[in-house]
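Asks: Just dropping this structure here.
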Amino acid sequence: MATVASYSVNDRAVARARELIDAHQYVLRSQWGDVQPSAADGTRYLESHSWDEYAAWHLGLTEGAHDETKARYAFVYGDLRRVHRSGLIACVYRASEWRHKAVELAAHDLLQRLDQMAGID
């Protein structure tokens, strides 16, 4: 059986996602596969942003990976500009699938906050 990475919740990313949601900086309808940042998008982002800013787009921190490496950050929830509802759903699903309960619950709570802010019943 393959070894699965362990993750902790990136509290700073959760706080940043809340700020963006509260400021209505979100997209309600998108195809996550089309808007999810690629590795190249991440590299371009890092050319003009700090590692702390990059980290704030990822709900999970990979246990054992070094800070300021892409391997450290997991569960991206937005397009590096706005929160995507589809990104939060993807985080919930993927974290649930691999039994990363803390990340799953953090993403779920953010999804509920976004839906409430957007008036989604």
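Nothing in this text is a laboratory measurement; each read-out follows from the coordinates by a stated rule. Only a predicted model underlies this, so the values are computations on that prediction, with no experimental measurement involved. Glycine gets a Cβ as well: all are built from the backbone with ideal geometry, and neighbour counts include every protein chain shown.
Asks: Among Trp51, Leu61, Val35, whose Cα lies farthest out toward the positive end of the dipole of the range 20-104, if unit charges sit on the beta carbon of Lys, Arg (+1) and Asp, Glu (-1)?
Replies: Val35
Asks: A further question follows. Taking the Cα centre of the chain as origin and charging only Cβ (+1 Lys, Arg; -1 Asp, Glu), how large is the dipole, in debye to the nearest 20?
Replies: The calculation lands at about 180 debye.
Asks: If packing is taken as the mean number of other Cβ atoms within 10 Å per residue, what is the order of 83-89, 41-47, 105-111, 6-12, highest first?
Replies: The densest-packed peptide leads the list: 83-89, 105-111, 6-12, 41-47.
Asks: Pairs of Cα atoms under 8 Å, at least six residues apart: use those to get the relative contact order of the chain, whole percent.
Replies: 33
Asks: To continue, here is another question. Calculate how many DSSP beta bridges within the chain are antiparallel, expressed in % of all such bridges and rounded to the nearest 5.
Replies: About 80 percent, rounded to the nearest 5.
Asks: Within the set of other residues whose C-beta is less than 14 Å from the C-beta of Asp22, count the net charge using Lys and Arg as +1 and Asp and Glu as -1.
Replies: Cβ neighbours under 14 Å give a net charge of +1.
Asks: Follow-up. Springs between alpha-carbon pairs under 10 angstrom, Gaussian network model over the chain: which of Ala55, Ala71, Ala40 fluctuates most?
Replies: Result: Ala40 has the largest fluctuation of those listed.
Asks: A follow-up question, please. Report the local net charge at Leu114: Lys and Arg +1, Asp and Glu -1, summed over other residues whose C-beta lies under 14 Å from its C-beta.
Replies: Here the count lands on +1.
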